[in-house]
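Here the structure is laid out as structure tokens; the discussion comes afterwards.
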Amino acid sequence: MANSAQAEKRARQAQAQRAHNMSLRSTLRTAVKKVRKAVAAGDKSAAQSVFQAATGTIDRIADKNIIHKNTAARTKSRLSAAIKAMAA
């Protein structure tokens, strides 16, 4: 429980920032799901175009420290590998 005006303000700010971060994380999950859905559908050209958009989203969210940069790199690598495996 906040005992000072400063602590109350920081609690409000933290709550707003948490809501914003959750929104960004949700955007990230949606972008990854779109790529996985395109891969599952078997449409390689669509998967590649969706992957390009998802890459920008993943990088932007990693730059804001919502997710770790290595997590972003791993996610992009796995999506890319899934797309490349479609040709084989």
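Read the figures in this text as sums done on the coordinates, not as results from a lab. Since the structure is predicted, the reported quantities are computational estimates derived from the model, not experimental observations. Methodologically, a virtual Cβ is constructed for each residue, glycine included, from the backbone with ideal geometry; neighbour enumeration extends over all protein chains shown.
Residue pairs whose Cβ atoms lie under 8 Å apart, sitting 6 or more positions apart in sequence or on different chains, and linking a residue in segment 1-16 that is surrounded by 11 or more Cβ atoms within 10 Å (Cβ to Cβ) to a partner that is in a loop (DSSP other than H, G, I, E, B), are Glu8/Ala2; Arg10/Ala2; Ala11/Ala2. Within segment 35-57, being closer than 13 Å to Ser80 by Cα and not aliphatic (A, V, I, L, M) holds for Arg36, Lys44, Ser45, Gln48, Ser49, Phe51, Gln52, Thr55. Once segment 58-88 is narrowed to residues that are touching a residue at least 40 places away in the same chain (Cβ under 8 Å) and not β-branched (Val, Ile, Thr), the residue that is surrounded by the most Cβ atoms within 10 Å (Cβ to Cβ) is Leu79.
The residues of segment 45-57 that are surrounded by 15 or more Cβ atoms within 10 Å (Cβ to Cβ) and without any contact (Cβ under 8 Å) to a residue 12 or more places away in the chain amount to a single one, Ala46.
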